[in-house]
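Participant: Here it is: the structure, laid out below.
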Amino acid sequence: MLPKTAEVVVIGGGVMGASTAYHLATRGCRNVVLLEKAPFLGAEATGKCAGGIRYQFSTEINVRLSLLSLPMLERFEEEIGQAIDLRWPGYLFLLDNARDLAAFRANVAMQNRLGVPSRILSAGEVRAKVPLLRLDDIIAAAWCHKDGLADPNGVVQGYAAAARRLAAQIFTATEVTGIRVESGRVAAVETRRGTIATRAVVNAAGPWAGQVAALAGVDLPVVPLRRQIVVTTPLKGIPDDFPFVIDFSRSLYFHREGQGILTGQSNPDERPGFDQSVDHAWTERHLEAAMWRFPLLERAGLLREWAGLYEVTPDAHPVIDGLRDPAGFYIVAGFSGHGFMHGPAAGLLMAELILDGRAHTLDIRQLRFGRFAEGDLVREHNVV
Ligand SMILES: Cc1cc2nc3c(=O)[nH]c(=O)nc-3n(C[C@H](O)[C@H](O)[C@H](O)COP(=O)(O)OP(=O)(O)OC[C@H]3O[C@@H](n4cnc5c(N)ncnc54)[C@H](O)[C@@H]3O)c2cc1C
């Protein structure tokens with residue numbers, strides 16, 4: 001049975017909701033309730049993501065989020081008691097033109113200033129690192145050995161179990177259908193299983209964050225965008241340390257998944273929408289591009305494929321903020337296709353916003369909701 005009241009109601013059981021619930025509970029917030037519409041936690045964007053974790057971003061705020069979040073993933077198993085299959089094969093951004101190379105040189109300089117050991121590799125160094133790839137057109141690459149991979153389901157389940165141990169209550173198959181606002185502040189959350197009176201609601205609804213915000217009368221520009229992934233059957237000859245490779249100008253990526261390869265490519269013509277069926281025409285074009293870049297894939301079979309949704313904002317940065325209108329409405333959403341890795345930091349910062357009135361571990365003014373109305377947007381360019 002749903003409780004009648006809660007100190008905080010978190011909407012959404014992906015990495016953002018689970019991390020927020022855990023960080024609230026660990027700070028002593030005793031009556032946290034998380035509501036997830038799917039039958040399982042982590043069933044949406046988080047469970048469908050590629051699991052990449054990296055420092056290589058084009059804006060300082062995203063690098064700073066990674067500097068906070070990735071060490072939390074390194075400590076995860078020890079602190080939370082759940083294995084998350086952490087690996088550090090590095091991220092390699094392949095660059096095929098001078099304009100991208102100049103932008104990545106500037107990114108690397110900024111990342112180095114913040115303490116990230118990324119660097120530019122020459123074409124010869126790239127060939128030595130990934131000899132299995134076709135590289136005739138590649139002029140250089142950006143590389144960071146501290147980038148890697150982790151298991152998204154492990155992170156969600158770990159945070160959820162730890163939150164439960166700290167008395168948080170988690171309900172799956174429970175869709176939020178209404179948010180009651182009284183005298184300019186949040187008063188209750190409505191579901192078909194009952195209503196919960198509360199003065200604090202967290203919108204952690206990922207690709208559905210725009211819809212959930214609308215329930216509170218808030219216009220939040222987060223749009224869902226379909227993205228697909230293919231995993232191949234096992235392939236002989238892929239080294240254990242094969243990196244997370246991104247063919248930047250083609251928005252095409254590969255990493256090792258078991259004995260096979262996980263690959264994705266963003267369709268530039270995809271239109272916003274909630275359709276998560278696999279677009280087989282796009283799979284064909286994607287695999288053609290993938291086999292061209294990585295000829296060994298011609299010998300692979302298709303093991304699994306799926307589609308999931310990015311949660312895209314106009315500047316490809318998330319919103320992590322508490323609103324004045326309605327008061328008590330908090331947003332941690334809009335991570336624009338690279339949010340899994342920032343989930344640990346985002347939950348910590350959201351708990352600070354709710355319990356302390358402001359985030360103090362990191363200055364997140366740039367991620368305020370008001371920036372859209374003010375037109376104060378700084379775009380992240382390293383979006384795949
Ligand atoms: C194909 C793909 C590849 C990706 N690769 C990476 C990657 O390599 N690295 C990375 O860092 N990120 C990656 N991402 C992005 C990452 O998955 C997301 O940024 C992150 O998972 C967002 O987490 P979330 O908790 O906000 O959203 P979700 O995991 O979608 O969680 C939101 C939850 O809210 C629930 N919900 C929605 N509406 C309601 C409602 N009304 N009531 C109750 N519950 C509701 C949904 O069911 C959902 O479970 C990828 C995404 C995709 C689709």
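The values are calculated or read from the model by the stated rules, or taken from the named source; none is laboratory data. Note that the coordinates shown come from a computational prediction; the quantities given were computed from them, not determined experimentally. For neighbour counting, all protein chains shown are included, and Cβ atoms are generated from backbone atoms with ideal geometry for every residue, glycine included. We work out accessible area using only protein heavy atoms, side chains counted, and drop any ligands, DNA or RNA first. Shrake-Rupley method; radii C 1.70, N 1.55, O 1.52, S 1.80 Å.
Participant: Please determine, by comparing only the residues of region 181-203 that are away from the ligand (no atom under 14 Å from the Cβ) and open to solvent by 40 Å² or more (accessible area, probe 1.4 Å), which one is nearest to A38 (Cα to Cα).
Facilitator: A197
Participant: Moving on. Taking region 25-40, which residues are more than 7 Å from the ligand (Cβ to nearest atom) and out of contact with any Asp or Glu (no Cβ under 8 Å at 6 or more places or on another chain)?
Facilitator: Result: A25, T26, R27, G28, V33, L34, P39, F40.
Participant: Which pairs do you get when a residue that is charged (D, E, K, R), found in region 51-66, comes within reach of a residue that is within 14 Å of the ligand (Cβ to nearest atom) and not in a loop (DSSP other than H, G, I, E, B), reach meaning Cβ atoms under 6 angstrom, with the pair 6+ apart or on two chains?
Facilitator: R54/Y91
Participant: OK, next. Could you please tell me which pairs satisfy a Cβ distance under 6 Å, a separation of 6+ or placement on different chains, a first residue in region 187-207 that is more than 15 Å from L220 (Cα to Cα), and a second residue that is of a type in the set (K, R)?
Facilitator: Pairs found: A187/R180; A188/R180.
Participant: Take the conditions away from the ligand (no atom under 14 Å from the Cβ), under 30 Å from M110 (Cβ atoms), of a type in the set (A, V, I, L, M, F, W, C) and in contact with a Phe, Trp or Tyr (Cβ under 8 Å, 6 or more places away or on another chain) and apply them to L86. Does it pass?
Facilitator: On the way: away from the ligand (no atom under 14 Å from the Cβ): no; under 30 Å from M110 (Cβ atoms): yes; of a type in the set (A, V, I, L, M, F, W, C): yes; in contact with a Phe, Trp or Tyr (Cβ under 8 Å, 6 or more places away or on another chain): yes.
Answer is no for this residue.
Participant: Another one. Looking only at region 282-319, filter to residues that are small (G, A, S), within 15 Å of the ligand (Cβ to nearest atom) and not in a loop (DSSP other than H, G, I, E, B); which one of those is surrounded by the most Cβ atoms within 10 Å (Cβ to Cβ)? Step through it out loud before you land on a result.
Facilitator: Step one: filter region 282-319 for residues small (G, A, S), giving 289-290, 300-301, 307-308, 316.
From what's left, within 15 Å of the ligand (Cβ to nearest atom): 290, 307-308, 316.
Keeping just the survivors that are not in a loop (DSSP other than H, G, I, E, B) gives 290, 307-308.
Working: A290: 25, A307: 17, G308: 22.
Going through the qualifying residues, I end up with A290.
Participant: Among (1) under 19 Å from A197 (Cα atoms); (2) within 14 Å of the ligand (Cβ to nearest atom); (3) open to solvent by less than 10 Å² (accessible area, probe 1.4 Å), which single condition is V15 missing?
Facilitator: (1)
Participant: Determine which single condition E352 fails, assuming it passes every other condition in (1) open to solvent by less than 60 Å² (accessible area, probe 1.4 Å); (2) under 14 Å from H317 (Cα atoms).
Facilitator: So the condition that E352 fails would be (2).
Participant: So which residues in region 216-234 are within 13 Å of L323 (Cβ to Cβ) and within 12 Å of the ligand (Cβ to nearest atom), if there are any at all?
Facilitator: Of all residues in region 216-234, those within 13 Å of L323 (Cβ to Cβ) come to 216-220.
A216, the sole residue that qualifies.
Participant: Separate question: How about region 217-239: which of its residues are more than 30 Å from H280 (Cα to Cα) and either without any contact (Cβ under 8 Å) to a residue 24 or more places away in the chain or not in a loop (DSSP other than H, G, I, E, B) (or both)? Outline the logic, then answer.
Facilitator: Residues of region 217-239 that are more than 30 Å from H280 (Cα to Cα), as a first pass: 217-220.
Result: D219, single match.
Participant: Can you run down the residue pairs with Cβ atoms below 6 Å, 6 or more apart or on separate chains, where the first is in region 338-363 and part of a loop (DSSP other than H, G, I, E, B) and the partner is among the basic types (K, R) and surrounded by fewer than 23 Cβ atoms within 10 Å (Cβ to Cβ)?
Facilitator: If the second residue must be among the basic types (K, R) and surrounded by fewer than 23 Cβ atoms within 10 Å (Cβ to Cβ), the pairs left are L362/R64.
Participant: Wholly within region 40-144, which helices (runs of 4 or more DSSP H) include no fewer than the required count, namely at least 1 residues that are open to solvent by 10 Å² or more (accessible area, probe 1.4 Å) and of a type in the set (G, A, S)? Give the steps one after another, and end with the answer.
Facilitator: Values: elements: 60-74, 76-80, 98-113, 123-129.
Because the criterion is at least 1 residues that are open to solvent by 10 Å² or more (accessible area, probe 1.4 Å) and of a type in the set (G, A, S), the helices (runs of 4 or more DSSP H) in region 40-144 that meet it are 98-113, 123-129.
Participant: Going by what's in this entry, would F76 be described as more than 15 Å from the ligand (Cβ to nearest atom) and aromatic (F, W, Y)? I'd like the intermediate steps shown before the answer.
Facilitator: Values: more than 15 Å from the ligand (Cβ to nearest atom): no; aromatic (F, W, Y): yes.
Spelling it out, it is not the case that F76 is more than 15 Å from the ligand (Cβ to nearest atom) and aromatic (F, W, Y).
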